[in-house]
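A short write-up of the structure that comes next.
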Amino acid sequence: HVALMLDTKAGRDGAYVDYVREHFVRQFEAVWRRHELARKEVLVSGESVIAHYGCRDSASVFATFGEPEAIAALKSELGSLIELDPTRPPEVFEEVFAWRAGGAKPATR
């Protein structure tokens, strides 16, 4: 599992959530398949965003950002919603420990 921590632009958190709900899967599903990302979840709290991936490694996640679909998205609506600082890459968290409570069942959707 890999997670990236991002920020939305000030006052754009609601528009970001709408974008994720309406466009993300359609726009990025082919990219995620090409890089074998098994799962993508987005957690939002105010202007803080955590993008969580089930994947091989962080390199496979970062490779998706170089794909034509991702570049086009970042040059259009998505780029206007999130803070992108080329001098400060997003924080990356990689799984070091996984635990599941006894008897807990995974959520289904």
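Output the residues belonging to the range 44-64 that are touching a helix residue (DSSP H, G or I) at 6+ places or on another chain (Cβ under 9 Å) and either among the aliphatic types (A, V, I, L, M) or surrounded by 15 or more Cβ atoms within 10 Å (Cβ to Cβ) (or both).
Answer for the range 44-64, where residues must be touching a helix residue (DSSP H, G or I) at 6+ places or on another chain (Cβ under 9 Å) and either among the aliphatic types (A, V, I, L, M) or surrounded by 15 or more Cβ atoms within 10 Å (Cβ to Cβ) (or both): 44, 47, 49, 51, 53, 55, 63, 64.
Please determine whether any residue of the range 47-57 is in a loop (DSSP other than H, G, I, E, B) and farther than 30 Å from residue 99 by Cβ.
No, every residue in the range 47-57 fails to be in a loop (DSSP other than H, G, I, E, B) and farther than 30 Å from residue 99 by Cβ.
Identify the residue in the range 27-43 that is assigned to a loop (DSSP other than H, G, I, E, B) and of a type in the set (A, V, I, L, M) and, among all such residues, is most open to solvent (accessible area, probe 1.4 Å).
38
Would you check if there is a residue in the range 83-97 being in a helix (DSSP H, G or I) and either polar (S, T, N, Q) or within 23 Å of residue 23 (Cβ to Cβ) (or both)?
no
Filter the range 65-84 down to the residues that are open to solvent by 80 Å² or more (accessible area, probe 1.4 Å), closer than 13 Å to residue 5 by Cα and modelled with pLDDT of 90 or more and list them by number.
The one that is open to solvent by 80 Å² or more (accessible area, probe 1.4 Å), closer than 13 Å to residue 5 by Cα and modelled with pLDDT of 90 or more: 83.
Please indicate, with yes or no, whether at least one residue in the range 60-80 is touching a strand residue (DSSP E or B) at 6+ places or on another chain (Cβ under 7 Å), among the aliphatic types (A, V, I, L, M) and part of a helix (DSSP H, G or I). If you could, list the steps in order and put the result at the bottom.
First, the residues of the range 60-80 that are touching a strand residue (DSSP E or B) at 6+ places or on another chain (Cβ under 7 Å): 61.
Cutting the leftovers down to among the aliphatic types (A, V, I, L, M) gives us 61.
If we keep only those that are part of a helix (DSSP H, G or I) too, we end up with 61.
Yes, the conditions are met somewhere in the range 60-80.
Quick test of your reading of the structure: residue 97 fulfils all but one of (1) in contact (Cβ under 8 Å) with a residue 60 or more places away in the chain; (2) closer than 11 Å to residue 1 by Cβ. Name the failing condition by number.
(1)
Looking only at residues in the range 85-109 that are open to solvent by less than 100 Å² (accessible area, probe 1.4 Å) and over 20 Å from residue 55 (Cβ atoms), which one is modelled with the lowest pLDDT?
104
The values are calculated or read from the model by the stated rules, or taken from the named source; none is laboratory data. Note that this is a predicted model, so its numbers are computed, not measured. In this analysis, Cβ positions are derived from the backbone assuming ideal geometry, glycine residues included, and neighbour counts consider all displayed protein chains. These accessible areas exclude ligands, DNA and RNA; they are computed on the full protein's heavy atoms, side chains included. Shrake-Rupley method; radii C 1.70, N 1.55, O 1.52, S 1.80 Å.
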